[in-house]
Amino acid sequence: MDDRVKNLDTPEKCKIFAKNALTVGREDLVKQAKERAIELKAEAYGAETSAEREAIKAVYAYEEVLSVNNGKKTRASRTWPMIQKYGIINAVERAVNRKAETKGYTVLLEMGLEAYAFEAVILRYPELFSENAVGISQQRMSEWKSI
């Protein structure tokens, strides 16, 4: 990560930096600034484990995708209540165990944020999830790699 991006200390500064980087055609810095903003938001959330932090980063990345698609700030309005009700890890498990895949992956891929898919988080921490969730995640990730 570029040192200028590492030194950004608020999501708002990251957004300004990304906008300026886009103006001068530095897509690499735009991506880094978006990732840094996601990281800062996740740190502020207060997740206790690295798996929880990565899952929260995934939610914030998804919100970034929704916001870009909608042209305005958009919250993951179904995901946050599920996290509040079931906890972070259980909410991820429930989201991935749905019959329909989580809908944000293709757009996450287009934005270079595919590592933030819930399925990717599950595969990095398989010991925290059911065999079923791991299996679904493996299948989806292998299908997505062919996109």
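The values are calculated or read from the model by the stated rules, or taken from the named source; none is laboratory data. Since the model is a prediction, treat every value here as computed from it, not as a measurement. Every residue, glycine among them, receives a Cβ derived from its backbone with ideal geometry; neighbour counts consider all protein chains shown.
Quick check on this structure: which one of Ala21, Ala91, Ala51 is under 20 Å from Gly112 (Cα atoms), part of a helix (DSSP H, G or I), in contact with a helix residue (DSSP H, G or I) (Cβ under 8 Å, 6 or more places away or on another chain) and at pLDDT 90 or above?
Matching residue, one of Ala21, Ala91, Ala51: Ala21.
How many residues does region 72-88 contain that are surrounded by 18 or more Cβ atoms within 10 Å (Cβ to Cβ), at pLDDT below 90 and over 14 Å from the mean Cα position of the chain (by Cα)?
0
Restricting to region 10-53, name every residue that is touching a Pro at 6+ places or on another chain (Cβ under 7 Å) and of a type in the set (D, E, K, R).
Within region 10-53, Lys41 is the sole residue that qualifies.
Since Ala58 meets every condition but one in (1) more than 30 Å from Gly135 (Cβ to Cβ); (2) among the small types (Gly, Ala, Ser); (3) assigned to a helix (DSSP H, G or I), which condition does it not meet?
So Ala58 meets the others, but not (1).
Considering only region 14-34, state which residues are surrounded by 14 or more Cβ atoms within 10 Å (Cβ to Cβ) and over 19 Å from the mean Cα position of the chain (by Cα).
Phe17, Ala21, Arg26 - these are the residues of region 14-34 that are surrounded by 14 or more Cβ atoms within 10 Å (Cβ to Cβ) and over 19 Å from the mean Cα position of the chain (by Cα).
Test Tyr60 against the stated conditions and say whether it is under 22 Å from Pro11 (Cβ atoms), aromatic (Phe, Trp, Tyr) and at pLDDT 90 or above.
yes
Being modelled with pLDDT under 80 and either assigned to a helix (DSSP H, G or I) or aliphatic (A, V, I, L, M) (or both): is that true of Leu123 here?
Judged against the criteria, Leu123 is not a match.
Leu8 is checked against (1) out of contact with any helix residue (DSSP H, G or I) (no Cβ under 7 Å at 6 or more places or on another chain); (2) on the phi < 0 side of the Ramachandran plot; (3) not in a helix (DSSP H, G or I); (4) not acidic (Asp, Glu) and fails just one. What number does that condition carry?
So the condition that Leu8 fails would be (1).
Please specify each residue of region 95-106 satisfying the condition of being at pLDDT below 70 and not in a loop (DSSP other than H, G, I, E, B).
Tyr105, Thr106
Can you tell me which condition Tyr45 does not meet? The list is (1) more than 17 Å from the chain's Cα centre (by Cα); (2) modelled with pLDDT under 95; (3) not aliphatic (A, V, I, L, M), and all the others hold.
Result: Tyr45 passes all but (1).
Out of (1) over 12 Å from the mean Cα position of the chain (by Cα); (2) assigned to a helix (DSSP H, G or I); (3) at pLDDT 90 or above; (4) not acidic (Asp, Glu), what's the single condition that is false for Asn69?
(3)
Tell me, please, whether a residue that is surrounded by 14 or more Cβ atoms within 10 Å (Cβ to Cβ), farther than 21 Å from Lys15 by Cα, modelled with pLDDT under 85 and within 14 Å of the chain's Cα centre (by Cα) can be found in region 133-142.
No, region 133-142 has no match at all.
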